[in-house]
Structure formats: structure tokens, C-alpha cells
Amino acid sequence: MTVESTAARTSRRSAGSKAGTTGTKGTTRTPAKKAAAAKKPAAAKKAAEPQLVQLLTPEGKRVKNAEYDKYVAGFTPEELRGLYRDMVLTRRFDAEATSLQRQGELGLWASLLGQEAAQIGSGRALRDDDYVFPTYREHGVAWCRGVDPTNLLGMFRGVNNGGWDPNSNNFQLYTIVIGSQTLHATGYAMGVAKDGADSAVIAYFGDGASSQGDVAESFTFSAVYNAPVVFFCQNNQWAISEPTEKQSRVPIYQRAQGFGFPGVRVDGNDVLACLAVTRWALERARSGEGPTLVEAFTYRMGAHTTSDDPTRYRGDEERQAWEAKDPILRLRRFLETSNHADEGFFEELEAESEALGKRVREAVRAMPDPDHFAIFENVYADGHALVDEERAQFAAYQASFADEGGN
């Protein structure tokens, strides 16, 4: 679901204005007024230029930020290496899952390639008692919550409906319906507030989901009830094949203003900035200051899913420009120039990465097929005649294959 582009609206308004100028009072403007009006958009655009929180440049240089530095102050070299390890292993797992889908081992896969910093930074900002409501692409956040990567693959292989207990890691099952998890998160956060618990909730969604009514409703409810929730939007520039400019006339983080709570745009390829901003937003939520919208400005380097072909709607030049901002390379440069990691660390991590890929391959291929009749269970609490009839029909259908094999 998208909204009409700014260009289309502008063109339509201009055409309508020209058609209705004859005999309309107040449509004639003097040259001086026209010149003044022409200057206003440029000035307004400059004043409304989006502010981007960044602590680490694409070249790996640390930049100061008076507002957010305190949220990553005291970070040790070991912790920095930990963030790097998280991103590398998450990318390796993601690449393995993509390869498995291409080999026919998975029905579908939604890659996070390019969004590792947004997910690892925000994921590591969470406390154990915080609760996460993901979409279907938050593999890095799942990693931070301690969900075994192989458990993420069962649903995409079609052998289960999720693969993990959400309450074991405070990480809800993946949500396929676009935007609906923001309502779930808001309701949960309202419950947290009523319980008086000292914890926060975070809801992940993409730029495309920001056009969904469910997201707008969750903004309304969270604002009115001052819910302790953080809305974390990963703006990866493309809602499948629709660019961001067809999703919103203003930067996504500015939408929060209309609902009465703050929004902030962070460099989504800067793991330190994502961690700092998310910590700030979570602290606001826990202290009773209500919701926050975080827009992580990043890029989806791969396809929307493995059923998508991004070459049909975007050029190589755009992708190459974002490759220069790669989140993993950025942190590696910082680690190397700061002498926080040596070659031995990177070599050991490479070996660990390959071991993870092997484990994932073996685990997926060893997954047992689901019970063919499980689909009929848990539909009605006490059973139903129609379900019993359908079960019998399916059993007869399955048995027909065995009969054919024996003839």
C-alpha cells in the first residue's frame, strides 16, 4: 500500500490551478510576489533538512555527538569486537539461508543484507526484560535475543509455524502481515504500563509498512496511553519495488510529530549510533515519557525476498553508492585504526563464520517433515464435523498415492 507521490500531486494541483484561473478572485500575482514565492520553497527545504545522528562515518572515523555520546561512553574494545562479531555472523547466516533457498531447501527467504548495523545496534540496546515484536526480517535482532538461527528457518522450510517460544527470549514470532505487529506491541506496552513493570517494548517495521493503517493506529493509541514502546522503522529505501518518496512527503521520523511524540533519524549503517539512539528511546519509555519513533536510514542491499528481482526497478549505481557505506566494513576500519582488533581476531571470526554456515546447512537438511494431518489440529477446541470430514478426505487423498505405488 503506497500513497500518491509528491510529483504526481504537484502536477495534478498545477493543472487544476491553471484550468480554474479565469475569473477566479486572487489568482493574479505581481512579479514581485512571484519572485518572493519562488524563494520560499528553497528556504523551507533547507530549514527542514533531515537531521541524521551519526557516531561513526563510512570511513570508520568516530565523530562526537553531545546528545548521544553518553549512551556509548565507556564502550570497551571487547564490546566493540562483540558488535563486529554479531554483524559478521548474522550476515553469514543470512547468506547461507539465501543459498539454501536457491537450492530448494527453503520455500522463501527475506534477506537482511545491508541492515546489520540497524538490527545489531538496536538489539544490543535492549535489556533482557524488554519485549520485541519483529517483522520477518529481524534475523540480527533474533541473534541478539539468543534465538538459535536454525529456529528461524523452520517456518521458511514449511515444517513449523515459528520454531521458538516467544516468552523464552522475549522475542515474538515473525509477523508476515505488514504492520500488524505494531498494534501487538502497543497493546503489550499498554499492559506493561498497567502492570507497573520497569521494561519497554520495541516494534520493528519497514518504510513500506509506515503506509499501513495499523501503524497509524498504533501511533495514536501509544501516544494517547503514553505506552512504553519504541517504534523502530528500518527505512531501507524500497518497499519491494516502491521507493520511499512514494511512501511519504516528509521524512518518516517527522511523522511522529503529528501524533505528539518525538522522532529521530539515525544512520542505519552505523552500529554505534543505532545502539545509542535506541538506548535513549528505551530509557524514555521506561521512565514514563511514552513512545518514540526511530527511523534507521539504511539500505536493502539484496532483493526484498528471494522471489524478487530488484534489477527490474533500481540501478547498479544506487547499490554501489550504498556499498561504500557498508556497516561491517565501517566498524572494521574503526577497529583497525584504533588498534582494537588484530588480524588474529578477524581470522578466528572467519573460521567461526564458516562453522556457523555448516551448522545451519546440516540443521536445515535434518529437519523432520511435519505431520501431514497437523493442519487439522487446534482449529476448534472441541472438534467440528466439517473438519473431521476434511480430514477424512485428505486421508483418502494421501492413501491414493500408496495405492498407485503398489499397482
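The values are calculated or read from the model by the stated rules, or taken from the named source; none is laboratory data. These numbers come from a predicted model, not from an experiment. Here the Cβ positions follow ideal geometry from the backbone for every residue, glycine too, while neighbour counts run over all protein chains shown. In case anyone asks, the SASA skips ligands and DNA or RNA and just uses the protein heavy atoms, side chains included. Shrake-Rupley method; radii C 1.70, N 1.55, O 1.52, S 1.80 Å.
List of remarks:
- Verdict on Tyr131 being open to solvent by less than 50 Å² (accessible area, probe 1.4 Å), in contact with a strand residue (DSSP E or B) (Cβ under 7 Å, 6 or more places away or on another chain) and of a type in the set (Ser, Thr, Tyr): yes
- Selection within segment 339-386 - within 24 Å of Leu153 (Cα to Cα), open to solvent by less than 70 Å² (accessible area, probe 1.4 Å) and hydrophobic (A, V, I, L, M, F, W, C): Leu349, Ala351, Ala355, Leu356, Val360, Ala363, Val364, Met367, Phe373, Ala374, Phe376
- Comparison of His340, His372 shows that the only residue that is of a type outside the set (A, V, I, L, M, F, W, C), over 19 Å from Leu112 (Cα atoms), in contact with a Phe, Trp or Tyr (Cβ under 9 Å, 6 or more places away or on another chain) and modelled with pLDDT under 95 is His372.
- Residue within segment 130-150 that is of a type in the set (Phe, Trp, Tyr) and more than 23 Å from Gly357 (Cα to Cα) present: yes
- Inclusion of Phe345 among residues that are closer than 30 Å to Leu89 by Cβ, in contact with a strand residue (DSSP E or B) (Cβ under 9 Å, 6 or more places away or on another chain), in a helix (DSSP H, G or I) and in contact (Cβ under 8 Å) with a residue 40 or more places away in the chain is not warranted.
- Selection of strands (runs of 3 or more DSSP E) fully inside segment 226-338 by the criterion of at least 2 residues being crowded, with 18+ Cβ neighbours inside 10 Å and among the aromatic types (Phe, Trp, Tyr) returns 229-235.
- In the set Ala66, Ala125, Ala117, only one residue is at pLDDT 95 or above, touching a Pro at 6+ places or on another chain (Cβ under 6 Å) and closer than 24 Å to Ala285 by Cα; that residue is Ala117.
- Taken over segment 45-62, the residue count meeting the criterion of being at pLDDT below 80 and surrounded by 10 or more Cβ atoms within 10 Å (Cβ to Cβ) is 2.
- Test: residue in segment 201-216 that is open to solvent by 30 Å² or more (accessible area, probe 1.4 Å) and under 27 Å from Gly288 (Cβ atoms): yes
- Taking each residue of segment 369-396 that is without any contact (Cβ under 8 Å) to a residue 12 or more places away in the chain and looking for partners that are surrounded by 10 or more Cβ atoms within 10 Å (Cβ to Cβ) and part of a helix (DSSP H, G or I) with beta-carbon atoms closer than 7 Å, six or more apart or interchain, yields Val379/Val387; Tyr380/Val387; Val387/Phe376.
- Lone unmet requirement of (1) surrounded by fewer than 22 Cβ atoms within 10 Å (Cβ to Cβ); (2) part of a loop (DSSP other than H, G, I, E, B) for Lys194: (2)
- The C-beta contact set for segment 163-183 (first residue free of Cβ contacts under 8 Å to residues at least 40 places away in the same chain and in a helix (DSSP H, G or I), second residue of a type in the set (Ser, Thr, Tyr) and buried (at least 21 other Cβ atoms within 10 Å of the Cβ), distance under 8 angstrom, 6+ apart or interchain) comprises Leu183/Ser218.
- Test: residue in segment 93-104 that is over 30 Å from Val271 (Cβ atoms) and either modelled with pLDDT of 95 or more or in contact with a helix residue (DSSP H, G or I) (Cβ under 6 Å, 6 or more places away or on another chain) (or both): yes
- Filter result (touching a Leu at 6+ places or on another chain (Cβ under 9 Å) and under 30 Å from Ala276 (Cβ atoms)) within segment 294-318: Phe297, Arg300, Met301, Gly302
- So Phe401, is it assigned to a helix (DSSP H, G or I) and touching a residue at least 40 places away in the same chain (Cβ under 8 Å): no
- Conditions (1) touching a residue at least 24 places away in the same chain (Cβ under 8 Å); (2) more than 25 Å from Pro368 (Cβ to Cβ); (3) outside any loop (DSSP other than H, G, I, E, B); (4) out of contact with any helix residue (DSSP H, G or I) (no Cβ under 6 Å at 6 or more places or on another chain); number of the one not met by Ser210: (4)
- Residue match in segment 130-138 (condition: of a type outside the set (A, V, I, L, M, F, W, C) and in contact with an Asp or Glu (Cβ under 9 Å, 6 or more places away or on another chain)): no
- The criterion of being surrounded by fewer than 17 Cβ atoms within 10 Å (Cβ to Cβ) and over 21 Å from Ala125 (Cβ atoms) does not hold for Gly82.
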